[in-house]
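The values are calculated or read from the model by the stated rules, or taken from the named source; none is laboratory data. Only a predicted model underlies this, so the values are computations on that prediction, with no experimental measurement involved. Using ideal geometry, Cβ is built from the backbone for each residue, glycine included, and neighbour counts are taken over all protein chains shown.
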Amino acid sequence: MSGHTVGMDHVPLAQALAARLRSQGTPEHIARLFAQVPRHRFLPDTVWGEDRTRYDRAADPAEWMRVAYTDQALTTQRDDGAPGGMGVPTSSSSAPSVMARMLAAAGIESAHRVLEIGTGTGYNAALLSQLLGSGSVATVEIDPELAGAARAALSAAGFHPDVRTGDGERTGGLPSYDRLIATCTVSEVPAAWLRHMRGRGRIVTPWAPTPGLPGGVLAVLDATRNHAQGRFEGGLSFMWARGQRRPGRSAPGPEAVADSTEQVPGDPREPWLDGERALLLSLLMPGWSYGLRMGEDATDPCVWLASTTCSSWARLHADGRVEQGGTRALFEEADRAWRIWEGWNRPAVSDFGLTVDPDRQTQTVWVHGPRHSLWSVRG
């Protein structure tokens, strides 16, 4: 992690970032944290922006410092730190507006203890420590190298929360807490997250219905030791928890032979090329994953759908062709789900929610309140 950049004053940049968050509606007590805690102190010397632009502190310290105080997620590790990889982002410093959104959703009060899952750079733990005092903050990081770097950066900045190296899906050995904030996406809310709740608490976590989906929601769950329930507060895409980032099902290969092929009007890929519509479909329709794949000699990618409960699949092409294999007609399932959604007067993502019952080992997605369950999975 970097220290001070010689000859550069970060304070105006941090103040401008905090002002931007205020203008977006961030509560004052949270916005001011971003002026008080220097983000650049928690960044490595090389980061990548959201457009994959590389910023190197040694090559251009002014630009590196400037980007540190922009409202964007900065990739801080690729390929789990292994050299010679494909450059897949595996850790980041989240966009400040997203961090502020999660801190506000947590409803943190002065007497609360907070557990963070996914320390990353340590910046969010520093914000929490500034808000509550280091003694009320614990944070868990699965990557030993990241945990060590975060611990050092926090100490150098004057913060001393309890930084643990371990699997954040298991919270054994940690003290009880009132709030849990996860900085990674899960599809199964770990039962361990509930078991250490001190009375009635709250879990704030990115969540997606199927492992490996490209998007998700922010789940804000009021929780006790044996129950968690709450609504989704809009879409949110985070890196997956390492224990859950396996894809729900891989794409059907080009050798997969369709059981049926039909020609439909228009572009059947359309819902899946719209992030919001694809997210709604993932909430309405259980047990499937999707993605894009470029076929041989194709000029446009096809959208593939794959069941996570059986071997069924579909390929949707720009020219209107729909190929399907297996017993589930995924394309028709999605069409029915979309018509039902329209019949319900098009509920927004925030009208959906989740109930977690660790005793029954179930997670239930509902709309317009817990009595209107859509589907449940065991997990």
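Brief remarks follow.
- Within region 223-276, the set of residues being closer than 18 Å to Ala182 by Cβ, in a loop (DSSP other than H, G, I, E, B) and of a type in the set (A, V, I, L, M) comprises Leu236, Met239, Ala241.
- Candidates Thr165, Thr183, filtered to the one that is crowded, with 20+ Cβ neighbours inside 10 Å and of a type in the set (S, T, N, Q): Thr183
- Only residues that are part of a strand (DSSP E or B) and either touching a Lys or Arg at 6+ places or on another chain (Cβ under 6 Å) or within 18 Å of Leu17 (Cβ to Cβ) (or both) were counted in region 65-79, giving 2.
- Selection within region 346-366 - more than 14 Å from Ala228 (Cα to Cα) and more than 21 Å from the chain's Cα centre (by Cα): Arg346, Pro347
- Here region 184-222 is the region considered, the condition is being assigned to a strand (DSSP E or B), hydrophobic (A, V, I, L, M, F, W, C) and without any contact (Cβ under 8 Å) to a residue 40 or more places away in the chain, and the residue that is farthest from Asp143 (Cα to Cα) is Met197.
- Conditions (1) touching a residue at least 60 places away in the same chain (Cβ under 8 Å); (2) within 27 Å of Val217 (Cα to Cα): number failed by Asn124: (1)
- Answer residue from region 269-313, given it is closer than 19 Å to Arg328 by Cβ, among the hydrophobic types (A, V, I, L, M, F, W, C) and in contact with a Pro (Cβ under 8 Å, 6 or more places away or on another chain) and is surrounded by the most Cβ atoms within 10 Å (Cβ to Cβ) among those: Ala306
- Selection from region 174-183 of residues that are part of a strand (DSSP E or B) and touching a Leu at 6+ places or on another chain (Cβ under 7 Å): Tyr177, Leu180
- Residues that are closer than 22 Å to Pro209 by Cα and not charged (D, E, K, R) within region 289-301 comprise Ser289, Tyr290, Gly291, Leu292, listed in sequence order.
- Any hit, region 253-268, residues being at pLDDT 95 or above, over 22 Å from Gly353 (Cα atoms) and buried (at least 20 other Cβ atoms within 10 Å of the Cβ): yes
- A single entry from Ala153, Ala147, Ala62 fulfils the requirement of being under 22 Å from Ala16 (Cβ atoms) and part of a helix (DSSP H, G or I): Ala62.
- Within region 80-99, the set of residues being assigned to a loop (DSSP other than H, G, I, E, B) and either more than 12 Å from the chain's Cα centre (by Cα) or farther than 29 Å from Leu33 by Cα (or both) comprises Ala82, Pro83, Gly84, Gly85, Met86, Gly87, Val88.
- Any pair with Cβ under 8 angstrom, 6 or more apart, that starts in region 44-70 at a residue that is assigned by TED's automatic domain parsing to the domain that holds Pro89 and ends at one that is surrounded by fewer than 17 Cβ atoms within 10 Å (Cβ to Cβ) and assigned to a helix (DSSP H, G or I): Tyr55/Glu63; Tyr69/Ala16
- So Leu43, is it under 23 Å from Ser91 (Cβ atoms), among the aliphatic types (A, V, I, L, M), surrounded by 12 or more Cβ atoms within 10 Å (Cβ to Cβ) and touching a Pro at 6+ places or on another chain (Cβ under 8 Å): no
- Screening Ala73 on (1) in contact with a Ser or Thr (Cβ under 8 Å, 6 or more places away or on another chain); (2) farther than 30 Å from Tyr177 by Cβ; (3) in contact (Cβ under 8 Å) with a residue 24 or more places away in the chain; (4) not charged (D, E, K, R) shows it passes everything except condition (2).
- Yes/no for Arg225 being of a type in the set (Lys, Arg) and without any contact (Cβ under 8 Å) to a residue 40 or more places away in the chain: yes
- In region 182-198, residue nearest to Ser282 (Cα to Cα) [restricted to those that are of a type outside the set (Ser, Thr, Tyr) and touching a Lys or Arg at 6+ places or on another chain (Cβ under 9 Å)]: Cys184
- Only one entry of Leu279, Leu218, Leu236, Leu292 meets the criterion of being among the aliphatic types (A, V, I, L, M), under 25 Å from Asn345 (Cβ atoms) and in the same structural domain as Val303 (by TED's automatic domain parsing), and that entry is Leu279.
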